[in-house]
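Here is the structure we will look at.
A short reminder: the numbers here are calculations on the coordinates, not readings from a lab. Every value quoted in this text rests on a predicted model; they were computed, and no experiment measured them. So basically every Cβ, Gly included, is an ideal-geometry build from the backbone, and we count neighbours across all protein chains shown.
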Amino acid sequence: MSHDDPSWVPAASLGRRSFLGASAGTLGALAAGCDLHRPEELVPYVRRPPEVVPGVSDWYATAALRGGYAIGLLAESREGRPLKIEGHPEHPMSRGGTGPREQASVLTLYDRDRLEAPREDGTARSWAAFARSFGPRSVRPFVGRRGEGLALWLPPSSSAVLARRLAALRERYPRATIVFDPTSAPTPRWEGTRRAFGRPLDVQIDLARADRAVFLDADALVEGPAALALARDWAHRRTPGEGMLRTYAFEGAVTSTGVSADHRLPTPPGAIGRLALALLAALRDGVSPPEGVPHAEAVRAVARDLDAHRGRSAVVAGERQPAAVHALAALLNATLGNVGRTVRYRESALLEAASGAFDPSRLFDALDADAIDTLVIADANPVYAAPPSFRFAERAARATRTVACAAFANETAASADWALPSLHPLERWGLHHAHDGTPTARQPLIEPLVDGTTPEGLIARLLGEDPSPREAVAAAVAERADASLDEVLSRGFFAAADETVTPRPRFDELPSLAEEIAAEARADDALALDLRPDARVGEGEDAENAWLQELPEASTQLVWDNAALLAPAEMARLGLRDGDVVALALAGGDASVRLPVLGVTGQAEGTVVAWLGFGRRRGGRVARRVGVDVTPLRTVTGVPRVHLEATGERRDLARTQHHHRLEHDEPIYRRADLEAWRANPRLAPAGHETPPPSLHEAPDDGEPSDAARWAMAIDLSRCTGCKACVIACQAENDVPAVGKTQVALGREMHWLRIDRYLTEGDEVGFQPMLCQHCEHAPCEYVCPTNATVHSPDGLNVMAYNRCVGTRFCQNNCPYHVRRFNWFDYQRGRPAREQLVHNPDVSVRGRGVMEKCTFCVQRIRRAERYGEPGGLRTACQQACPSEAIAFGDRSDPSEPVSRWQRQPRAYSVLGELGTRPRVQYLARVDHPNPGLRERDGER
Amino acid sequence: MRRGLLAEYESQGALVEAAKTLRDAGYRRLDALTPSPSDEVCDALALPRSRLPFVTGAGAAIGGALAYLLLWWTQVVDYPLNVGGRPDHPWPAFVPLTFETAVLFGGVATFVGFFVACGLPRLWHPLFEVDGIERASVDRFVLLVDAEDPRFEATETRARLDETAPRRVASFGEGEGA
Amino acid sequence: MENAEALLLGRPSDRELTERFVTPGARAGGWLRVGLWTCAGLTGLLVLSIAYTVLTGIGTWGDRIPIGWGFAIANFVWWIGIGHAGTFISAILLLLEQPWRSSINRIAESMTLFAVVQAGLFPLLHLGRAWFFYWLVPYPSTMEVWPQFTSPLTWDVGAITTYATISLLFWYLGLIPDLAKARDTKTGRARKVFAVFAMGWRGSARHARHLKIAQLMLAGLATPLVISVHTIVSFDFAVGVTPGWHSTVFPPYFVAGAIFSGFAMTLTLVVPLRRWLGLEAVITRRHLDLLAKLTLATSLIVAYAYVVEPFLAWLSGAHFERHMYLEVRPFGPYAFLFWLTVACNVAVPQALWLRRVRHSPWVLFALSILINVGMWVERVMLVVTSQHRDFLPSSWDVYLPSWVDTSLFLGTLGFFGLLMLLTVRHLPIIPVTEIVEMKREELPDGPAEEGA
């Protein structure tokens, strides 16, 4: 009987014996001549939830947190599983953009090493067991002692639900100790604003209105809760011509913000204070400039420039600068009349900001006095990350029992009596506040994969309650918004009343500030240590994320490691080479760590830069034993000073790029000053841009006239090198992370990479490099199996199934954007981790070549169903600074066509005659003529 | 040749002489066994030129033609693709394979042609029954007269051969007469 | 002192020649057994590394982005090149009616055949999915896709197949009369085996005429073939855009280099075999002298190519060309490869101007080894340096071979040696028939008598 016969559908699922029985029965039935095709006998193959259409994505508004502040997101869900994170186009703090860490968060959701269930002393237990030891009965003693001996350690948070829970907790246990982790909160800024204005405030910069901006050791375009919006505004002011923004960066490390600035002046972090004071002195009478100001000449020029743009400028102080610098920045903005215009101040959206809750000393005293019998640590890893001066592990051990709520069995969870699984952001309900105060809702994309909880939920348990998280959010929304919960959830946020304030500056603080600044200027031989949370793994929270671990760091292209960064001149003086291991010892302290050095051109001399978040001892299998833990050198505030000495050891470091200098005079990366560009808008040296004559008369691109011509344009003026696009591409296209040893062998798989070049004057330029989809693609005609050919709509397509892996295409690709599966990189993933794969993209096996497809799956989806919000490639959609335009070049009205028509548009290696469909817009800077004469094109 | 008479000589010169005399006597179906190929001997026997060159030529021609046809049909007719913006019929790229295939076919044709022309492989031959014939491939030179030759007459031919002062004269092939 | 001009020493009778030289390996001493076992061992290593590569992935090699081809392709080019001298000796010298080719052409042809076998391994192995190698061959498949015949790699398939086939046929045709001789001088099982492979050859003049014509025809085919094969191999590089590859000099340059390396390898084989098998009578100093002269000539062509390449790069004025030829190769991270190449392939062969060198076998042997090394290094240099620093400095990297790369190469050396020694041991490695023929043409005919 044929397989069309429906009666086979159930039979197919039967075992052999029952199958024989069934068919025997069927035969009998046939003999009896009765009808087998009775529909009611059929078993439906799948039972589909009504709201889910297989193969079609749903999008939900949700939120990610940066330092407790919310960023609005849209999450793509396919058949009930979250696949891809995008920015929320309407949310003021995202505006459609995302950072690498937001993009990568889906990978952590499916991680195999997440805590699955509560653990007591390392052995798995049930929540019931936890409730028995922590339920109402066992917390009754707290009630009796009004919370005496109960302590909570929480990360800084803007959660409305948490606020309500804490209120309830305080009501029940007035004497409980509640501490918000001060090291990951903007305490210096609060302190600075308190001294400058009398009250702790958050600072909002508006680059859309500013014409001049000064970044004082601030990586503001990439780092912090407002970076995405800031980058967007900055980018829109980078269009060459009138009304261009001009930015100055004074910084020790080489940050994306500095690289993107029109002027970057290397300045040790310890000297920023003097510099700020000098600026103020130049702009305000009666302020005496301090001694030993670096770049004194430049500072005067900058001051003149700012003076000419009062009310249209902004001074931004960096997160890790001491309070005094923040105070000076505030007073500078006040002096310049920027307050309320380009710089706005508001009460922090973080709970209990700048209150005693951010001072752990009370808790520490209690612990030292053995007065704490229950210490609850939620969503924080202080045992690893807290500054050594906290002596956290040792103190926590004095509590009778400790409870840690964590996603992985990290250092804190491992040392706690109870380790409780913490839910992934995509599994959580919540209502948080963005940096500008916008209340932002967070709804779960998936039923929790682990039996976990959240800080809010944990406190509820301590109170002996167990309300549904949705109800809690509903209540919090009801308090604030007049919109219904469903409206709020579907939009993801709602507008809050403008809470900005115009505080009165206190210039009488200046003398004491000046004294502090002067005190900062020590003349010892120690180096200033710039200890920064890693742009990829933060303070270790994302160390378990392989995509982020394999994301090349912006200033070194280093992966799977951290290092001590030094100025090359400094290294030469100390006789060090890249990879030499040195010992860093705190000046006047006994703490010391050993880590490899790397030279970074452009870094300020007298400065060592190192990233936190590495050298994790406990946690998932990815996090452990990557890099070196530098927290022993961490101080609560101020700039630590260290002594450095060589150890004679070496350590292999894996970097995705080894040469940063353009060693042949080929204008691969083009940049110029505004004036030079005005003089020569094409910026093309003679003899370029004209493809050489061809032997045979090929049609211009060999495509049918009615077909689309997909093309991309990338504005180098706008690229900050934040690498959000790289992770977005990785998440969208199932690109595997291959690990340190493979990267060291030059086998990273990124389809899209950010090349980093040192242009004239050792200025850094970032150039996103991906498949150029050449019309005359050199990779195609060398493939012996027709595995890579041209599609009618101008895509350079790759048929994985037809590839035999000769690698000739890779050799013959002048851009080397093709990636080869040297091993079966996707083998042996547990089923849960495979859920992260995009079902629209095939997972590549061993021995085949792969490369950027221009997100062909999105193109085809748009052609079939249309794309809400327009067709965009993953990299384009993620880019916070809108540096990428993509579309059909045959339509002159498309942005990509307009960009490619610009005179500064050029093709990399165009003279090879490859005719790339990707074009780059040369970077045009807007330097201060008074500050430095520059020779035309660099 | 299946049967006939053979005369064995010490030197190639003697063989050549004998061959000449028999030809003058009108014998046509002659052959010789020599340790190494020799034009001298072939000329003495007035053997026809080999026509193998035509086989080679034909093979090469066919091979080349087939190759180009295949290339053109697969790339231009059956499944044309836009490969690196190349023209629809990139004939220069077809030259190498056309040439290689021509050589391949020509070579194989020659090889096969050779065996056909020689009627080889043939592991048994009446000659191998003659004892001492092995030395024909070492240092003996043997003249063969085919029994099918119109002028062949056992006793008379034997007599003629004896006149050429061979080391010996023997008959070979089935139905050996005395 | 023997006569340096003679191609054949003494006046051996046909019988002596035949009996002494038809299968000289049969008398070989212990050295052959030692050699056989060593080579067998290395062949085992080859098998292991092949299995490991195919089971695990190309990642076990040193290849990486941007150096997608490492040792494997260099070995391929080197081995295929070595074959060329064999064809040159057997085909081109035949057409040029050079009698001296006779006594060494069997060794040279065997060398060709077995070198091609080694060469053929690498294009297959270097595939990411070697088990789909047949997708490069046109056959109607359910995929309904054909190979992409504008790719030099498909040309390679044609060239290598043809070259291997023609070499085999040529080799075998020449072998037939000698197999017959072996049959007729041996007894017992050996005789039966040779009888089968001799295919009933009886030295008939009628057959002989066909044989000579067939050989002539094959020679006529092989001559352009040998040029075309390495031309096509050079297309694997010249067709690409990579500076250092993208060059019209490549075809002649590669062919010259191939024949050059081939002559070196012939010397490497002939000198010891001649000594150990006692072949001095048939492979005389004159042979070595002529081989040496050809080696010198080809080395001069190669030297010319070395000069012309950077000159053209300079003339072109293209950034990348100049950077590759005038900076990267002579002064880059792989400069030592470049200078070693120049030393071995240009400097060393100049010694061959000296008659004394050409006439002392073991000096020639030493030189030939150096040249073999030089040519292999040149191939590695060509493959690696061109890729490791081409267009975008961001992708520049260095290549280091893995242990698998190395053992694959050693393995092929062993496999080559194994096949070669087995041939020497069991087959007529000296084409007695042709020598006898030559003797008869060169020396006055008549009953053989001893004497100088």
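Some values worked out for this structure:
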| item | result |
| --- | --- |
| Taking the range C:1-128 and dividing mean pair separation by its residue count, relative contact order in percent (alpha carbons under 8 Å, at least six apart) | 26 |
| Selected from B:Ala58, B:Ala32, B:Ala19 as most flexible by GNM, with chain B as the system and alpha-carbon contacts under 10 Å | B:Ala58 |
| Charged-residue dipole, Cβ positions (Lys, Arg, Asp, Glu), the range A:472-613 about Cα centre, Debye nearest 20 | 280 |
| Value at 222 nm in deg cm²/dmol, rounded to 500, when DSSP H runs of n ≥ 4 in chain A each add -39,500 (n - 2.57) | -7000 deg cm²/dmol |
| Modelled FRET efficiency - R0 25 Å, A:Glu447 with A:Arg132, Cβ distances, 0.05 increments | 0.45 |
| Shape of the range C:306-412, Cα gyration tensor, a/c cut at 1.5 | oblate |
| In nm, spacing of pseudo-spin labels at B:Asp131 and B:Val95 (7 Å Cα→C-beta vector) | 6.5 |
| Label-point gap, in nm, between A:Tyr800 and A:Arg175 - each point 7 angstrom along Cα→Cβ | 6.3 |
| Charge dipole (debye, nearest 20) of the protein assembly as shown; +1 at Cβ of Lys and Arg, -1 at Cβ of Asp and Glu | 1980 |
| Pairs beyond 30 Å (Cα-Cα), from C:Lys212/C:Lys293; B:Lys20/C:Lys186; A:Lys84/A:Lys851 | B:Lys20/C:Lys186 |
| Which of C:Val404, C:Trp353, C:Thr341, positive extreme of dipole for the range C:328-406 (C-beta unit charges) | C:Trp353 |
| Net charge, B:Phe152 excluded, C-beta distance under 12 Å - Lys, Arg +1, Asp, Glu -1 | +1 |
| Distance in nm between pseudo-label sites at B:Arg122 and B:Asp162 (7 Å out along the Cβ direction from Cα) | 3.0 |
| Charge dipole (the protein assembly as shown, unit charges on Cβ, about Cα centre) - positive-most of C:Val233, A:Val924, A:Gly721 | C:Val233 |
| FRET E, pair A:His236, A:Asp590, Förster distance 56 Å, beta-carbon r, rounded to 0.05 | 0.65 |
| Simple Cβ-charge dipole of chain A, Lys/Arg +1 and Asp/Glu -1, about Cα centre, in debye nearest 20 | 1160 |
| Extension gain from A:Arg145 to A:Met244, taking 0.36 nm per residue of separation minus the Cα-Cα distance | 29.4 nm |
| GNM top mover of B:Asp146, B:Asp88, B:Asp43 - chain B, alpha-carbon springs below 10 Å | B:Asp88 |
| Peptide C:237-246, shielding by other chains (average Cβ, 10 Å cutoff) | 4 |
| MRE, 222 nm, helices only [DSSP H, n ≥ 4, -39500 (n - 2.57), over chain B, to nearest 500] | -14000 deg cm²/dmol |
| C:Val196-B:Glu153 FRET efficiency (beta carbon distance; Förster radius 35 Å; 0.05 resolution) | 0.40 |
| Under 5 Å, built H, 5+ apart or other chain: amide partners of A:Asp925 | A:Ala672, A:Asp673, A:Leu674 |
| Fewest-first ranking of C:Lys212, A:Lys723, using other Cβ atoms within 10 Å as the exposure measure | C:Lys212, A:Lys723 |
| Charge sum, other residues only, whose C-beta stays under 14 Å from A:Val343's C-beta, Lys/Arg counted +1 and Asp/Glu -1 | +3 |
| Lys/Arg +1, Asp/Glu -1 at C-beta; the protein assembly as shown dipole; positive extreme among C:Gly174, A:Leu420, A:Cys813 | C:Gly174 |
| At most 13 other Cβ within 10 Å, DSSP loop - GluC sites (Glu not before Pro), the range A:108-217 | A:Glu116 |
